[in-house]
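Worksheet: one structure, shown below.
The values are calculated or read from the model by the stated rules, or taken from the named source; none is laboratory data. Just so you know, these numbers come straight off a predicted model, no measurement behind them. With ideal geometry, Cβ positions are generated from the backbone for all residues, glycine too; neighbour counts draw on all protein chains shown. Just the protein is used for accessible areas: all its heavy atoms, side chains included, with ligands, DNA and RNA removed. Shrake-Rupley method; radii C 1.70, N 1.55, O 1.52, S 1.80 Å.
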Amino acid sequence: MGTHLPSTEFDGTAEDDQREADAEAVMGQPPAEMVQLLGPDGKLGFDPVFTEYAEKLTPEALRGLYSDMAAIRRFDVEATALQRQGQLALWVPLTGQEAAQIGSGRASQPQDYIFPTYREHGVALTRNVDLAELLRQFRGVSNGGWNPQETNFHLYTLVLAAQTLHAVGYAMGIQRDQKLSAAEKPGQGQGKESAGKEAAVIAYFGDGASSEGDVHESMVFASSYNAPVVFFCQNNHWAISVPTNVQTRVPLSNRAKGYGFPGIRVDGNDVIAVHAVTEWALEHARQGKGPVLIEAFTYRVGAHTTADDPTKYRRSAEEDAWRAKDPLLRLEKYLRSEGLADDAFFAKVKSDGDELAAYVRRTTHDLETPDIRSAFANTYAEAHPLVAEELAWFEEYTAGFAGAEEPAGQAAKAGH
């Protein structure tokens, strides 16, 4: 004899059905095709939902997107060179993913908060992070390099996928703060004074990180609490040496349906489409409609990091095929064909990129290594006896090397 549950156990099924229908409307059944507006040939296409958002981009904004992508690529080249010259301990290249990062970053608003992984240098640029300061972490002289409170761009997260949980928790906090504010000031929540001030969160992660339990848990919480968060997965096809088809048998965007919210796959090398899709998703989140998953279908042209050799696990023909889909080249074709930019503009972009590279190189060379004692001082907000004991041991240990080189120097003089 089966157990009969109270009918209240099934309350909310209509709401669940509606959320599933909403997800279906965006995703389609079978899954919708990848959103692309600007093709590799530089021609602009049409999308019934996202063309409306793309049309908001003025010629100046389009030129700005190109300038940003060119600047961050030049920065990436310079940072790689600095690592090869021993100025950085490690570098994480982004070449090939400029459109995914610049398009999504520029679609955000100042009040939105962003949680990056360790490769979102382009997003950092859109949030006014000093790129030279960004290199402090990769040189090993800082735990971060910038103040997240000034930019709403969180510090890099090296622990794979941990930032997705942080992002959902932050989004739930925003959600509660806004509800509290509305309760304290009834009638103002929908007024002109507060229009556009609602905030959302973006959590960046890669296709490899999508296999981490943290991503699953964060999406469960985000869906359960209708948190205002956009999950932005940069599917660059390789989790170091593991291809995407090992990570998943279906498009990653399809996973959103299992959690009850929309999932969209967008051409990650099409900066116009990325901008449009991200703008839509952030609006969706800010309006209290819940989370969205964006899968930016792109490619990591270079190595995973400067410690990696991609020739060991992928073919050059694959890289060549993706270079033909270059995000900068396709936008340049469009700007030129529409008469929105000329040779003078592109020459200025190159000159600005060289100036940025020179600034970054000069600033990196000038960075000073902090006193290691600061690590002991910054472990706890207040003095801690265990840390004091460890510092005393360190001082005693280093004192043992004092004058160690002096006898050798004296021996050299004696030899003369």
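Listed by first and then second residue, the pairs linking a residue in region 245-259 that is of a type in the set (F, W, Y) to a residue that is open to solvent by less than 70 Å² (accessible area, probe 1.4 Å), with Cβ atoms under 9 Å apart and 6 or more places separating them unless they lie on different chains, are Y259/A23; Y259/M219; Y259/V220; Y259/A222; Y259/S223; Y259/P291; Y259/L293.
A single member of D326, D320 is more than 18 Å from F46 (Cα to Cα), out of contact with any helix residue (DSSP H, G or I) (no Cβ under 6 Å at 6 or more places or on another chain) and loosely packed, with under 14 Cβ neighbours inside 10 Å, and it is D320. Exactly one residue out of V49, V77 is at pLDDT 95 or above, in contact with a strand residue (DSSP E or B) (Cβ under 9 Å, 6 or more places away or on another chain), hydrophobic (A, V, I, L, M, F, W, C) and surrounded by fewer than 24 Cβ atoms within 10 Å (Cβ to Cβ): that is V49.
For region 52-74, the set of residues classified as surrounded by fewer than 21 Cβ atoms within 10 Å (Cβ to Cβ) and either touching a strand residue (DSSP E or B) at 6+ places or on another chain (Cβ under 7 Å) or of a type in the set (D, E) (or both) consists of E52, E55, E60, listed by residue number.
Run down E279, E368 and say which single residue is at pLDDT below 95, on the phi < 0 side of the Ramachandran plot and not basic (K, R).
Values: E279 fails: at pLDDT below 95.
Just one listed residue meets the conditions, E368.
The test for being modelled with pLDDT under 95, open to solvent by 70 Å² or more (accessible area, probe 1.4 Å) and within 20 Å of G290 (Cα to Cα) holds for Q190. If I ask for residues that are among the β-branched types (V, I, T), surrounded by fewer than 22 Cβ atoms within 10 Å (Cβ to Cβ) and in contact with a helix residue (DSSP H, G or I) (Cβ under 6 Å, 6 or more places away or on another chain), which ones from region 80-118 would you list? Matches in region 80-118: T95 only. D214 fulfils the conditions (1) within 20 Å of the chain's Cα centre (by Cα); (2) under 30 Å from D326 (Cβ atoms) except for a single criterion, (2).
Here is a check on your reading of the model: is D68 acidic (D, E) and part of a loop (DSSP other than H, G, I, E, B)? Give the derivation first.
On the way: acidic (D, E): yes; part of a loop (DSSP other than H, G, I, E, B): no.
So D68 fails the test.
To keep it simple, each residue is scored yes or no on (1) open to solvent by 60 Å² or more (accessible area, probe 1.4 Å); (2) polar (S, T, N, Q).
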| site | (1), (2) |
| --- | --- |
| R136 | yes, no |
| N143 | yes, yes |
| T151 | no, yes |
| L155 | no, no |
| L158 | yes, no |
| A161 | no, no |
| T164 | no, yes |
| G173 | no, no |
| Q178 | yes, yes |
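What about A307, is it at pLDDT below 95 and farther than 19 Å from A71 by Cα? Talk me through it step by step, then tell me what you get.
Details: at pLDDT below 95: no; farther than 19 Å from A71 by Cα: yes.
Spelling it out, it is not the case that A307 is at pLDDT below 95 and farther than 19 Å from A71 by Cα.
If I ask for residues that are assigned to a loop (DSSP other than H, G, I, E, B) and either free of Cβ contacts under 8 Å to residues at least 40 places away in the same chain or among the hydroxyl-bearing types (S, T, Y) (or both), which ones from region 107-135 would you list? Scanning region 107-135 gives S108, T117, Y118, R127, N128, V129, D130.
Of the candidates R127, R119, R63, R73, the single residue that is more than 19 Å from R300 (Cβ to Cβ) and within 16 Å of the chain's Cα centre (by Cα) is R127. Taking the criterion of being part of a helix (DSSP H, G or I), open to solvent by 60 Å² or more (accessible area, probe 1.4 Å) and free of Cβ contacts under 8 Å to residues at least 40 places away in the same chain, the residues of region 356-374 that qualify are R362, D366, R373. When F231 is tested against (1) open to solvent by 30 Å² or more (accessible area, probe 1.4 Å); (2) closer than 22 Å to H121 by Cβ, just one condition goes unmet, and that condition is (1).
Quick one: which of E120, E98, E133 is among the charged types (D, E, K, R) and touching a Lys or Arg at 6+ places or on another chain (Cβ under 8 Å)?
Values: E120 fails: touching a Lys or Arg at 6+ places or on another chain (Cβ under 8 Å); E133 fails: touching a Lys or Arg at 6+ places or on another chain (Cβ under 8 Å).
None of the other options fit; the residue is E98.
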